[in-house]
1. I need the full set of residues from region 280-307 which are open to solvent by 10 Å² or more (accessible area, probe 1.4 Å) and either farther than 20 Å from Ser414 by Cβ or part of a loop (DSSP other than H, G, I, E, B) (or both), in order please.
2. For the condition surrounded by 21 or more Cβ atoms within 10 Å (Cβ to Cβ), in a loop (DSSP other than H, G, I, E, B) and not basic (Lys, Arg), what is the one hit in Ala132, Ala139?
3. Identify the single condition in (1) touching a helix residue (DSSP H, G or I) at 6+ places or on another chain (Cβ under 7 Å); (2) over 30 Å from Ile459 (Cβ atoms); (3) small (Gly, Ala, Ser); (4) not in a loop (DSSP other than H, G, I, E, B) that Gly345 does not satisfy, given that it satisfies every other one.
4. Residue under question is Phe433, and the condition is that it be of a type outside the set (Asp, Glu), in contact with an Asp or Glu (Cβ under 8 Å, 6 or more places away or on another chain) and open to solvent by 60 Å² or more (accessible area, probe 1.4 Å); does it hold?
5. Which ones in region 305-328 are free of Cβ contacts under 8 Å to residues at least 60 places away in the same chain and closer than 21 Å to Pro291 by Cα?
6. Looking at (1) free of Cβ contacts under 8 Å to residues at least 60 places away in the same chain; (2) in contact with a Gly (Cβ under 7 Å, 6 or more places away or on another chain), find the lone condition where Arg450 falls short.
7. Only residues in region 2-13 that are on the phi < 0 side of the Ramachandran plot count as the first member; pair them with residues that are exposed (fewer than 14 other Cβ atoms within 10 Å of the Cβ) and part of a helix (DSSP H, G or I), Cβ under 6 angstrom, at least 6 apart or cross-chain, and list the lot.
8. Scan Pro336, Pro312 and give me the residue that is over 19 Å from Ser476 (Cβ atoms), at pLDDT below 95 and open to solvent by 10 Å² or more (accessible area, probe 1.4 Å).
Amino acid sequence: MTTLDGARVEVVRSYLLSAAEEMRATLIRTSFNPVIYEVHDFGLSIYDADLRLVAEATGLTFFLGANDYSLAKGVAYVGRENLHPGDVVLLNYPYWNAAHTYDATLFAPVFRPDPADADGDGELVGFLCVRAHWMDLGAKDPGYVLDSTDMHQEGLIFPGTKVVSRGEPVREIHELIRFNSRMPDAVLGDLHAQIAALRTGERRLLEIVEKFGRPTVAAAVDHIIADGEARTRAALAALPQGTWSAEDWLDDDGITDDPVKMRVTVTIADGRFTVDFAGSAPATRGPINMPFGATEAICKVILKSLTSPDEPSNAGTVAPLEVRAEPGTLFHAVYPQPTFTLWTGIVAVELILKALAQGMPERLPASSGGDVPGFMMVGADPGTGRIFAVSNNDLVGWGATADHDGMEAATHVSGSTGRGTPIEVMEARTGMFFERVEIRVDSGGAGRFRGGCGLRRDIRFVSSGEFLSVIKKTRSAPWALAGGLSPEPNQVVVFAGTGREARVSTCRTGVVAGDRVSLLTAGGGGHGDPGLRDPEAVRRDVAEGYVSAEAARDIYGVDVDG
């Protein structure tokens, strides 16, 4: 065994984290798709030869947690004996990939050359994984699929297919992708950007092994993972122990208008964090079902945020997690159940927090907007005739906590460092013109500490196409805590200001030049009795445009002069 001091372990860990961040920078610099280089809809991870997570780059939290699941499935399918230096494998089979078909996962083995073994592959020292959202892979509809009823309507499937073999691109697979995409240049561009990120990680990982030596790196990784698990278990022991349950409802499944029940029971006891989705709806006919790996990923997000939010992730930080969901139910989709519209996972983050808040209301925030109000325009460029599809996950107000207000108009709490698509990008690349983007007055739930405000966005279309709204919580309000008030739910209004005006949730709407859509995103829930709010804070809210004078008077009991 190699014995290391703490300083050397931290140096190795920093090198590994730096390698992951270099992979991230490569992906952002070389990708073609705004959802990757602007929104940061990706996840990049580094693993040891035993498929244990050792480092990851900043990215979408759901993706980072899902990479663990997909890599294990992909390696099992391909077989270790069939992986060689220079290989890159593509996986998007949703039940193994822990995501829908357009979240393409690429992974690569990393081999250390052995001069004494001229005919062999060398020593396997690790794996690299990069997942990113592609915009089209031949699904039945362009953009997002909102009403699929089985997996085969959701695009071309790769269960674990080499796109690069021993360093050489597999032309037949690249051409298969090209001829099955409505946007082949962007999709192949993003494929090569992901490959470039893997090559960057491969160079850096081999440099680390050469610099410190294989035994030192292996010993450091063992220590990093053991430390991660010890920290998580210690943090769990310090939390309230018990079992708590919560329920919530999704608007629909994309096929019928019937609401869909979600239920969760969370237990913290005996050094374990158990999340059980028993009581949730059976798998639905529409595409809101969660692959089990995706369900595991959202639970990893909650566990990590509770126990070690400021520490890098590794295999040890999620070791105490146990997730239960029966196959064939909403949170454990099986073939061929559709999975494309995975907003279920976003709402489920709030659901788990709602359960936990019963045992630790002073520690957790109220609901943050309840959901991610996603939207997209799909159409053809009038000048070139090329199809475009550009999306945005809009901003919501965050829930208040026991000691501060919620953040105004921010990425949903499930989104980590994900960002909104800049208006300049959306206007330049689609037929949308944004007439108004502003904070919504009185949209945050009132309380001793109020929820953050949501956003109003008014869109006028300057060319024809389809407007897609992707949201699953417009009928029920985000929840509040400790006597706070709930805000109004999210709203999507199509054909605003005309006789065709209608409120919708997840919907594909044909539009022509001159049509308008308004999106009103929800604020966060309030925390505590509004009557206990500091009057000076209320006056400041009015002055800054977050609360109206009428609400100050009627809800908070504060008269605002002038």
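The values are calculated or read from the model by the stated rules, or taken from the named source; none is laboratory data. Since the structure is predicted, the reported quantities are computational estimates derived from the model, not experimental observations. Cβ coordinates were reconstructed from backbone atoms using ideal geometry, including for glycine residues, and neighbour counts include every protein chain displayed. The area values use the complete protein model at the heavy-atom level, side chains included, leaving out ligands, DNA and RNA. Shrake-Rupley method; radii C 1.70, N 1.55, O 1.52, S 1.80 Å.
1. Across region 280-307, the qualifying residues are Ser280, Ala281, Pro282, Ala283, Thr284, Arg285.
2. Going through Ala132, Ala139 in turn, the sole match is Ala139.
3. Looking at each condition in turn, Gly345 falls short on (2).
4. Yes.
5. Filtering region 305-328 down to residues free of Cβ contacts under 8 Å to residues at least 60 places away in the same chain leaves 305, 309-310, 321-328.
Result: Leu321, Glu322, Val323, Arg324, Ala325, Glu326, Pro327, Gly328.
6. Here Arg450 meets the rest and fails (1).
7. Every condition considered, the pairs that remain are Thr2/Pro215.
8. Only one candidate qualifies: Pro312.
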